[in-house]
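Chemist: Take this structure, written in structure tokens, and hold onto it; I'll ask about it next.
The values are calculated or read from the model by the stated rules, or taken from the named source; none is laboratory data. Just so it is clear, the structure is predicted and the values come from calculations on it, not from any experiment. Don't worry about glycine lacking a Cβ; one is built from the backbone with ideal geometry, like all the others, and counts go over all protein chains shown. Please note that ligands, DNA and RNA were not included when accessible areas were found on the heavy atoms of the full protein model with its side chains. Shrake-Rupley method; radii C 1.70, N 1.55, O 1.52, S 1.80 Å.
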Amino acid sequence: MRAVTNKRWFCSALLLATWLCSTVLAAQTFPIKDKPITIVVPFSAGGPTDRLARDMAEALRKPLGGATVVVENVLGAGGAIATQKVAKAAPDGHTILIQHIGMATMPTLVRKPGFQVDADFTFLGMIHEVPMTIVARPTLEANDYKQLTAWIAKNKDKVNLGNAGVGSASHLCGLLWQASLRTEMVGIPYKGVSQAITDLMGGQIDLLCDQTTNTMTYIEAKKVKAYAITSPKRLSLPSLSGLPTMQELGVKGFQVSIWHGTYAPKGLSAEVQAKWYAALRSVLTDPAFVKKQEALGAVMITDKRISPEEHRKFVLSEIAKWSPIIKAAGVYAD
Ligand code: ASP
């Protein structure tokens, strides 16, 4: 009997020692020499999420000890495929996800997103927030928001609106906008907005609602027409300061801020999470990185939400905030 108890004790101690060793080793060896770090982006190359990830990949290299940081675009299902992929990846710190507000809206917007935010992910910290703009093809005859709504009413059932897939930020924005106008447009889904904006410029689609970090360059170059911004206040950037807020235009409660955060699969050790936190903090204070994002209308997260725990609390609060709004607007997607 005593021998059995001793054996059990020995086995438990051995298991504990093995776990401790692997945790310490993971922390010591992160990043693992010669193993690239992959930032998974749920949308196509050239869109706002992709651009942010590529800027981050560059800025992260130094704080991650010179590691190779690559971006992988995993497309489909409005970002759900990439999110599911990272949820199932090895929690060694070498695979992380950059995802936007979809992390909090998809669980209500889409009936089966295929991931559970709190159960499947280790939160790493938030990056920035960006308002959205309503933009149109350059040939659309409306010159302000009032004319735009009149044009939409006149062309009922024929107006089409691009999006980055069911559950994406542009999809959410479009659904809320249609609900506010009490109208339905024809949704044209893409696997990211880079192709949507190309088609918008070419006149293949009429409208798009997307982050300023994507639309601003095209607004400045007058390749698309812009009508409104979804921030609570106008932006002070010269090319966007003329854009009225939805609030100003009388569309009460239409405020959408697209925040972006970083995630690792659940099970990441506290040590590797701390290394990621330090690396992300250094990116958020990298003047070149910050300048580039702010020039595109983004507001860097500088408050407590840069910490993993506050990031987690914020995402859970966003799920609670958006769920009744989405339900009240009746804007579910199957
Ligand atoms: N901005 C897109 C969205 O609507 C995604 C992207 O292409 O970055 O979610």
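Chemist: Return the total of residues in segment 230-247 being without any contact (Cβ under 8 Å) to a residue 24 or more places away in the chain and either touching a helix residue (DSSP H, G or I) at 6+ places or on another chain (Cβ under 7 Å) or open to solvent by 30 Å² or more (accessible area, probe 1.4 Å) (or both).
Modeler: Residues meeting the conditions: 9.
Chemist: Quick test of your reading of the structure: Pro244 fulfils all but one of (1) under 17 Å from the mean Cα position of the chain (by Cα); (2) within 29 Å of Tyr145 (Cβ to Cβ). Name the failing condition by number.
Modeler: The failed condition is (1).
Chemist: Those residues that are away from the ligand (no atom under 16 Å from the Cβ), aliphatic (A, V, I, L, M) and not in a strand (DSSP E or B), I need them from segment 175-196; list them, please.
Modeler: Those that are away from the ligand (no atom under 16 Å from the Cβ), aliphatic (A, V, I, L, M) and not in a strand (DSSP E or B): Ala179, Leu181.
Chemist: Let me ask you something else. If I ask for residues that are among the hydrophobic types (A, V, I, L, M, F, W, C) and away from the ligand (no atom under 16 Å from the Cβ), which ones from segment 50-76 would you list?
Modeler: Those that are among the hydrophobic types (A, V, I, L, M, F, W, C) and away from the ligand (no atom under 16 Å from the Cβ): Ala59, Leu60, Leu64, Ala67, Val69, Val70.
Chemist: Shifting gears a bit: Can you tell me which residue is surrounded by the most Cβ atoms within 10 Å (Cβ to Cβ) among those in segment 46-76 that are on the phi > 0 side of the Ramachandran plot and within 18 Å of the chain's Cα centre (by Cα)?
Modeler: Filtering first and then ranking leaves Gly46.
Chemist: For segment 144-154, give me the residue count where each residue is touching a residue at least 12 places away in the same chain (Cβ under 8 Å) and either near the ligand (Cβ under 9 Å from one of its atoms) or of a type in the set (S, T, N, Q) (or both).
Modeler: 1
Chemist: I'd like to check which helices (runs of 4 or more DSSP H) are fully inside segment 87-174 and have at least 2 residues that are in contact with a Ser or Thr (Cβ under 9 Å, 6 or more places away or on another chain) and crowded, with 18+ Cβ neighbours inside 10 Å.
Modeler: Fully inside segment 87-174 and qualifying: 102-109.
Chemist: Can you tell me which residue within segment 211-230, out of those that are not hydrophobic (A, V, I, L, M, F, W, C) and not in a helix (DSSP H, G or I), is nearest to the chain's Cα centre (by Cα)?
Modeler: Gln211
Chemist: So Gly79 fits all but one of (1) under 30 Å from Ser282 (Cβ atoms); (2) open to solvent by less than 10 Å² (accessible area, probe 1.4 Å); (3) in a helix (DSSP H, G or I); (4) away from the ligand (no atom under 13 Å from the Cβ); what number is the exception?
Modeler: In the conditions (1) under 30 Å from Ser282 (Cβ atoms); (2) open to solvent by less than 10 Å² (accessible area, probe 1.4 Å); (3) in a helix (DSSP H, G or I); (4) away from the ligand (no atom under 13 Å from the Cβ), Gly79 misses (4) alone.
Chemist: Among Leu208, Leu200, which is the only one that is touching a residue at least 40 places away in the same chain (Cβ under 8 Å), within 16 Å of the ligand (Cβ to nearest atom) and part of a helix (DSSP H, G or I)?
Modeler: Exactly one residue qualifies, and that residue is Leu200.
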